[in-house]
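Here, each number is a calculation from the coordinates, and none is a lab measurement. Just so it is clear, the structure is predicted and the values come from calculations on it, not from any experiment. Cβ sites come from the backbone with ideal geometry, for glycine too, and all protein chains shown count toward neighbours.
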């Protein structure tokens, strides 16, 4: 059949999502699991109703950008520096351990040295989307748990950018050091420029025209997307640019109004994001990687909570908080999927290794979401006792 138009694709995604979400709620299942399974069913490896997955994935990325923008709006700059200082050594030690474990399992299943390096790289990170999406807003705003999680996820985002830059150079042994140095030099310059622009231009516009809600909404989106594009142009990521845009605006008295206004737009794109994860998964290669992906996923689901619990307890955090953060970060990341995509395009890994990373991501997304939804406070809990918005 001919490729559906964008309108028809949206019809299939959102009407389908409404149906599966209803079934998920009646059967007490997490909604994002339903979106991923819908993507598998309708995508090119399922019923082939939607085949242009690259377009859908590109559109869905806007949801990640908005998520990081709203995350920045909810955090004061002083709190960010404080929590990054606390989280740095935990993030570095845990990432090295997860990468080593990923390499070892890849080696056991006969992948090449280069593929094992990239598989290990993909295991280092936890999902920003799942971590923040399943964290209650009250915890994100006011609690130490939210601060620590944000610090760890941001540090991982920085590490992920370094990994992607290495992969984009086309050879793990030939890193473009001048480009890498320029990118890291760009980070503080972008942050300072954003802060100055907000202080002398944006806050003045907001104060002058705050009666026009449509204008404030438009200004916020323009600022978020402008900073995202500038950061990507300078070698950072759109996600980091969006976070900088949000945190420089966090001191504005209107920041919470902007955050509330943009949440429905964020959720719109995040539904597409989880759909695209399912749609991109190559079901034909699943039998070839089923065992290795299962072993890798079990390693992630067990090792990550235990590691974070141990490291956080060493830092004198409460046992309950340490397990809470460990299970919330007990999956691999959307950055892992991006690493697999970049690596296979650069011919650094084969289709089987790429499918292993994707399968591990989906399994850990599903299982870790179940663990959090049924055991910890979150906005989409099926239990009234655990549901916190």
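Could you tell me what fraction of 2.2 N^0.38 Å the Cα radius of gyration of the stretch 15-59 comes to, as a two-decimal ratio?
Here the answer is 1.21, to two decimals.
Which of 282, 345, 116 moves most in a GNM of the chain, Cα contacts under 10 Å?
Among 282, 345, 116, the largest GNM mean-square fluctuation belongs to 345.
Which of 221, 272, 36 moves most in a GNM of the chain, Cα contacts under 10 Å?
Taking springs between Cα atoms under 10 Å, the residue moving most is 221.
To the nearest µm²/s, what D does Stokes-Einstein give for the chain at 37 °C and 0.692 mPa s, using the Kirkwood radius over alpha carbon pairs as Rh?
153 µm²/s
Please report 27, 100 as a ranked list, fewest other C-beta atoms within 10 angstrom at the top and most at the bottom.
Going from least to most buried by this count: 27, 100.
Please order 5, 248, 183 by the number of other Cβ within 10 Å, starting at the fewest.
Ranked by crowding around the Cβ, least crowded first: 5, 183, 248.
Between 71, 366, 108, which gets the highest mean-square fluctuation from a Gaussian network model of the chain, Cα cutoff 10 Å?
Comparing 71, 366, 108 in the GNM, the peak value goes to 108.
I need 339, 271 ordered by Cβ neighbour count within 10 Å, fewest first.
271, 339
Give me Rg over Rh for the stretch 3-138, both radii from the alpha carbons and Rh done the Kirkwood way, two decimal places.
1.05
Between residue 290 and residue 93, what is the label-point separation in nm under the 7 Å Cα-to-beta-carbon projection?
So the label points at residue 93 and residue 290 sit 3.9 nm apart.
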